[in-house]
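**Q** Take a look at this one; I'll ask things after.
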Amino acid sequence: MRSPRTPNQALRLLLSEAGWSGAQLARQVNSLGAERGTPLHYDRTTVAHWLAGSRPRPPVPALVAEALSRRLGRPVLLQDAGLLDTRQPGHGAGAPSGEGSAVDHLDRILQDTDRRRLALVGAYSLAALAMASPLPAAGEGRPAALSPPSPVGPAHVASARQLLTVCSRSDNVFGAGSVREPLRHYLSTTLLPWLRSDIKPAVRRDLFTVAAQLTYLCAFAHFDMNHQAAAQRLYLTSVELAHEAGDTISCALALRGLSVQAHELGHLTQADQLAEHAVQTGARHAPPHQQAFLLGQLAVTQAARGDRRHTRHLIAAEQCLEKSADGASAVGAFHTGSLALQRATVAKNQGDHPTAARALALSLRHRPADERRSRALSLAELAQTQLASGHLEHACRTWHEFLDILPGIRSARADDRLRALIAALRPNAANPSAAALLARARPIRPHGRHRGPLE
């Protein structure tokens with residue numbers, strides 16, 4: 001192993017290839033840190049230390065590798081950048097490598113997302129999105145490593161489905177902070193041993209399907225808590241589990257999850273590609289409400305890129321909902337309120353704030369009362385839109401509704417909206433309504449996620 005004091009020639013060569021100075025690399029690493037909710041303040045002096053041979057603690061090496069990957073347009077691994085140090089935990093963390101089965105990948109990410117190691121999970125990776133490959137025909141997936149025969153059967157699958165329903169409802173009502181750790185623990189201690197059992201093919205397909213859906217929900221829970229790298233790896237693992245089950249719908253749902261995440265992080269091209277991939281993979285197989293679920297996301301990503309085809313996809317999603325008697329499901333639930341929210345997102349992308357505000361108000365009217373986290377996020381979005389349209393008093397009233405819901409929700413995304421509320425109202429602090437709202441908002445401490453120096 002190279003001595004830590006040996007100059008890092010590999011990193012120097014990559015910087016030269018990228019055409020970056022040390023200061024530019026530091027800025028990009030800081031930007032990636034902000035993307036994952038990690039405040040970093042590196043500068044050219046820090047990079048000089050790395051070039052001299054020092055190795056930063058996880059997850060910083062993964063951020064360096066991802067910054068260089070995006071600049072060069074090709075994957076850059078930790079070892080390529082001379083930053084791999086196997087003596088420290090977490091340096092090898094990253095997206096699934098393609099080695100081993102989906103069950104192996106699930107085991108690895110569940111270990112990495114233990115509370116004690118979550119901060120060590122690497123960076124959100126654009127290169128890793130290429131792993132979301134087309135779905136093979138049923139039965140073509142890699143078999144899981146088999147242990148001696150076990151009594152795992154339909155009753156076990158039914159119990160896993162029941163837990164999926166319970167966790168999905170709890171997430172809707174209370175936010176991801178209520179389910180992320182219990183769900184991860186269930187997957188690790190209960191479902192993984194079942195997946196490794198020698199079971200009948202029909203039971204195996206059903207078990208891998210529900211495992212893909214539980215992993216999707218676990219991915220969404222990490223996304224809602226702003227653990228973006230972990231969420232991405234779980235979404236990719238959900239795709240793999242769906243591959244092994246031959247389940248096109250679960251695969252499409254996970255691809256859509258990856259698209260939503262990429263869009264949220266500002267990677268518009270990748271978000272659009274993933275949304276289109278999701279529609280092509282699963283729309284023709286899915287029930288009407290999940291077809292709308294997939295088509296609505298494609299409309300959002302196309303509108304964000306200025307693609308006028310978004311209109312026809314919104315119309316198609318609306319037609320699908322008209323055919324659907326019930327849009328409820330543990331994953332991929334979609335209803336009129338959901339579609340109105342996507343119409344609002346499209347309008348906002350086009351700079352049409354009045355239309356966005358009307359669509360958000362419609363979404364809230366049709367949003368079921370128990371979808372409290374979604375109601376909170378929509379209220380915050382409506383208030384921001386009203387403020388952007390110059391309606392301060394309306395915005396303050398809407399934000400008060402948001403604050404009514406917020407204390408009962410554990411969601412980092414909702415906490416982010418609270419911070420945005422305070423920042424948006426500071427310039428209007430002389431207004432009595434804004435001053436009263438600020439006085440109410442400031443004592444509320446975000447509890448969805450506490451950010452440490454490496455978290």
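The values are calculated or read from the model by the stated rules, or taken from the named source; none is laboratory data. Because the structure is a prediction, the values reported are computed rather than measured. As a convention, Cβ positions derive from the backbone with ideal geometry for all residues, glycine included, and neighbour counts pool all protein chains shown. Protein only, heavy atoms only, side chains kept; ligands, DNA and RNA dropped before computing areas. Shrake-Rupley method; radii C 1.70, N 1.55, O 1.52, S 1.80 Å.
**Q** State yes or no: is Arg375 in contact with a Phe, Trp or Tyr (Cβ under 7 Å, 6 or more places away or on another chain), among the charged types (D, E, K, R) and surrounded by 19 or more Cβ atoms within 10 Å (Cβ to Cβ)?
**A** Here the answer is no, as Arg375 does not meet what is asked.
**Q** Output the number of the condition that Leu421 fails; it satisfies all remaining conditions of (1) buried (at least 19 other Cβ atoms within 10 Å of the Cβ); (2) on the phi > 0 side of the Ramachandran plot; (3) of a type outside the set (D, E, K, R).
**A** (2)
**Q** From the set of residues in region 279-315 that are among the hydrophobic types (A, V, I, L, M, F, W, C) and in contact with a Gly (Cβ under 9 Å, 6 or more places away or on another chain), which is modelled with the lowest pLDDT?
**A** Looking at the filtered set, the residue picked out is Ala286.
**Q** Name the one entry in Thr237, Thr269 that is in contact with a Lys or Arg (Cβ under 8 Å, 6 or more places away or on another chain) and of a type in the set (S, T, N, Q).
**A** Exactly one of Thr237, Thr269 is in contact with a Lys or Arg (Cβ under 8 Å, 6 or more places away or on another chain) and of a type in the set (S, T, N, Q), namely Thr269.
**Q** Criterion first (in a helix (DSSP H, G or I), under 24 Å from Leu339 (Cα atoms), without any contact (Cβ under 8 Å) to a residue 40 or more places away in the chain and more than 20 Å from the chain's Cα centre (by Cα)) does Ile405 satisfy it?
**A** Criteria met by Ile405.
One line per residue, one yes/no per condition, for (1) among the charged types (D, E, K, R); (2) open to solvent by 60 Å² or more (accessible area, probe 1.4 Å); (3) at pLDDT 85 or above:
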{"position": "Gly82", "(1), (2), (3)": "no, no, yes"}
{"position": "Asp85", "(1), (2), (3)": "yes, no, no"}
{"position": "Leu110", "(1), (2), (3)": "no, no, yes"}
{"position": "Gly122", "(1), (2), (3)": "no, no, no"}
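**Q** Among residues belonging to region 319-332 that are of a type in the set (A, V, I, L, M) and free of Cβ contacts under 8 Å to residues at least 60 places away in the same chain, point out the one that is farthest from Phe220 (Cα to Cα).
**A** So the residue we want is Ala325.
**Q** I've got another one for you. Take residues that are closer than 30 Å to His267 by Cβ and of a type in the set (Lys, Arg) and tell me which of the helices (runs of 4 or more DSSP H) falling wholly in region 190-255 contain 1 or more.
**A** 228-245
**Q** Moving on to the next point. Suppose we filter region 303-351 for residues that are within 22 Å of Ile249 (Cα to Cα), of a type in the set (Ser, Thr, Tyr) and open to solvent by 50 Å² or more (accessible area, probe 1.4 Å); how many remain?
**A** The qualifying residues number 1.
**Q** Still on this structure, I have one more. Quick one: is Ala369 aliphatic (A, V, I, L, M), outside any helix (DSSP H, G or I) and out of contact with any Pro (no Cβ under 8 Å at 6 or more places or on another chain)? Full working, then the answer.
**A** Details: aliphatic (A, V, I, L, M): yes; outside any helix (DSSP H, G or I): yes; out of contact with any Pro (no Cβ under 8 Å at 6 or more places or on another chain): yes.
Criteria met by Ala369.
**Q** Still on this structure: Would you mind listing the helices (runs of 4 or more DSSP H) fully within region 260-362 where at least 3 residues are more than 25 Å from Val239 (Cα to Cα) and either touching a helix residue (DSSP H, G or I) at 6+ places or on another chain (Cβ under 6 Å) or of a type outside the set (Asp, Glu) (or both)?
**A** Counting at least 3 such residues, we get 310-323, 336-349.
**Q** Something else now. Just the residues that are open to solvent by 10 Å² or more (accessible area, probe 1.4 Å) and either of a type in the set (Ser, Thr, Tyr) or over 14 Å from the mean Cα position of the chain (by Cα) (or both), please, taken from region 245-267.
**A** The answer is Gly246, Asp247, Thr248, Ile249.
**Q** Count, please, the residues in region 26-56 that happen to be at pLDDT below 85 and surrounded by 15 or more Cβ atoms within 10 Å (Cβ to Cβ).
**A** 5
**Q** Here's something else I'd like to know. Run down Thr38, Thr6 and say which single residue is assigned to a loop (DSSP other than H, G, I, E, B), over 24 Å from Ala130 (Cα atoms) and within 30 Å of the chain's Cα centre (by Cα). Lay out the reasoning, then the answer.
**A** Details: Thr6 fails: within 30 Å of the chain's Cα centre (by Cα).
Of Thr38, Thr6, the one residue that is assigned to a loop (DSSP other than H, G, I, E, B), over 24 Å from Ala130 (Cα atoms) and within 30 Å of the chain's Cα centre (by Cα) is Thr38.
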